[in-house]
Amino acid sequence: IPSDPRYSQQWHYPNINLPAAWDISIGSPNVVVAVIDSGAKFSHPDLGPRLNGGQYDFIRDPQRSRDGDGIDPIADDPGNDPSPGGSSFHGTHVAGTIGAVTNNGVGVAGVNWVSPLMTLRVLGLDGGANYDIAQAILYAAGLPNDSGQVPSQKANVINMSLGGSSRSRSMGDAVAAAQAENVVVVAAAGNDNTTDLHFPAAYDGVISVGATDLSGGKTFYSNFGPRIDIVAPGGNTRVDANGDGFADGVLSTLWDGDRDEPIYALYQGTSMASPHVA
């Protein structure tokens, strides 16, 4: 059991038997996990040291990117909404579940304590473009892409807590190319409480992750049906079923964009379930 003081609020880890699993393994320094998302806040002290597996920003549209340029080698998240309190810093939360700095007596724990995290930015203002996501997938797999570069070590696992209802040929081809390089691709199944397909989770071979609540049951929002491969804790911020004084969301690292400082916060969604699996 890690020493992180807010681990006691992370009900979602005992729910998947992590204390027992950690007795067997806390991860491998030779396994790189790519987080294809909104980027992350590298200055978060409980996350930044783990973001050492390489980074790149694949958002081509400067307006969507909000950092003043197109693709570049800096994946720090400037926020996805200029309005006060509007930015989600989604990638920082997702990355923290995969690998916040753990057993350091600070903040929260992550599922994996040691594996390098590769940070690839594709989501900005009003979401992301399928083409940009495809390029990030190719980069993570060490394949030719628009950056003209490849990482020093390709990713072994890709997490994508993103998606939509439309099938994209460019993204589907990129997923297949990554899988051909023995990269495991994990994606959120969607939050529409439907059996409708959600991409990239619905592409062949992608591990599609649905969301459970504190009781282990399906959350009210999670997609479901035969294309879901596995479920993991996604949380429910509407309730406090265990009476600990906190909503039953997934607790992870986050950033306060207004005060420009690191925080921790409760989110819910298949976006939160997917990184548990990755």
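Odds and ends about this structure:
- Highest to lowest packing among 224-233, 198-207, scored as the average C-beta count within 10 Å: 198-207, 224-233
- Separation of the Asn182 and Asp244 label points, Cα + 7 Å toward Cβ, nm: 3.8 nm
- Residue among Gly86, Phe58, Leu197 farthest towards the positive dipole end of the chain, charges placed on Cβ: Leu197
- Per residue, the chain exposes an accessible area of 40 Å² to a 1.4 Å probe, with every protein chain left in place.
- Distance between the modelled labels on Asn104 and Phe220, one decimal in nanometres: 3.6 nm (7 Å Cα→Cβ projection).
- The chain: most fluctuating residue of Leu18, Leu162, Leu254 per GNM, C-alpha cutoff 10 Å: Leu18
- Rounded, prolate or oblate (a/c below 1.5 giving rounded, otherwise prolate when a/b exceeds b/c) for the chain by Cα gyration tensor: rounded
- Cα-based shape type of region 54-177, given that a ≥ b ≥ c are square roots of the gyration tensor eigenvalues and the cut on a/c is 1.5: oblate
- Gap separating the Cα centres of region 1-44 and region 189-262, nearest whole Å: 16 Å
- Descending by average beta-carbon neighbour count within 10 Å, the peptides 51-58, 140-147 line up as 51-58, 140-147, the highest first.
- In a fully extended conformation the segment linking Ser28 and Ile230 would gain 70.5 nm over its present Cα-Cα distance, using 0.36 nm per residue.
The values are calculated or read from the model by the stated rules, or taken from the named source; none is laboratory data. Every value quoted in this text rests on a predicted model; they were computed, and no experiment measured them. Don't worry about glycine lacking a Cβ; one is built from the backbone with ideal geometry, like all the others, and counts go over all protein chains shown. Accessible surface areas use protein heavy atoms only, side chains included; no ligands, DNA or RNA. Shrake-Rupley method; radii C 1.70, N 1.55, O 1.52, S 1.80 Å.
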